[in-house]
Amino acid sequence: MRTYIKILIFLIGVSQLNLTFGQVVENDTVFIKRTVHTETTEIDTIVIKGGISPAQPQVLIGTRFLPYSNKMIGLLNCGLSPISLELGQGCDNSIDPRTFNDYPIFREIKRDSTTLTIEVSVIANCCHNFLGEAEVIGKDTLNLVYTSYGGFCSCECCFTLIYKFDTTMEEYYNILKYVTINGEDVVGIIPLKE
């Protein structure tokens, strides 16, 4: 009987520690708005349990980095930490379609003491958002990766994506010289730290 009481006390203690110091899994909330009539809309709310198991999926909305993918985790080994992926310029449909083959185009690559910011223009479906990743390939090249996704429209246009990375630890590795996007031949030069 004493052994059972000790086991019970141990299990209660472990469960209390887990509740106190364990990981907290937050919920993702998705609001869905749909038009019912010409002037009436309905809003539904879906709560999806967050977590790291396939039974608890994460919701990816809008333009953002793909969190904790193998490529993104691999960046940490090169001294880079992703800060954000943003849409700098939304759908610019004033670009001549005959110039679409000239894209992607690096607009600006700048670095301050702790941040690397890369602006690149890409052509994609007018109704798409973007999921991004990055990886170091070879010994000195940062390869930005994006996937456009979303609804389908019958047009294509130019978007400007802004990738930001924390380079605080990169100075110990000092490897980045070039940047590409989706493994294409277009290459940008990464400036040295100031």
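Here are the numbers:
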item: For GLN89, distant residues with modelled amide H under 5 Å away; result: THR160
item: Debye intensity ratio I(q)/I(0), log10, the range 69-146, q values 0.15, 0.16 Å⁻¹ (C-alpha model); result: -0.63, -0.71
item: Residue exposure sequence - SER148, SER84 - by fewest surrounding Cβ within 10 Å; result: SER84, SER148
item: Placed amide H near CYS126: partners under 5 Å, 5+ positions off or other chain; result: CYS153, CYS155, GLU156, CYS157
item: Loop-located chymotrypsin sites (Phe, Trp or Tyr not before Pro) in the range 100-194, at most 13 other Cβ atoms within 10 Å (DSSP); result: PHE152
item: Summed residue charge, Cβ within 12 Å of ILE118's Cβ, Lys/Arg positive, Asp/Glu negative; result: +1
item: Total formal charge among the other residues, if their Cβ is under 14 angstrom from that of LEU66, Lys/Arg +1 and Asp/Glu -1; result: 0
item: Exposure proxy ranking, count of Cβ atoms within 10 Å, fewest first, for LYS193, LYS139; result: LYS139, LYS193
item: Footprinting exposure proxy for LEU176, LEU192 (fewest neighbouring C-beta atoms within 10 Å first); result: LEU192, LEU176
item: Residues in the range 130-161 that a label on ASP102 would reach, taking backbone N under 14 Å of a point 7 Å out along Cα→Cβ; result: 158
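Every number here is computed from the coordinates shown, using simple stated rules; none is lab data. These numbers come from a predicted model, not from an experiment. Positions of Cβ are backbone-derived with ideal geometry, glycine not excepted, and every protein chain shown enters the neighbour counts.
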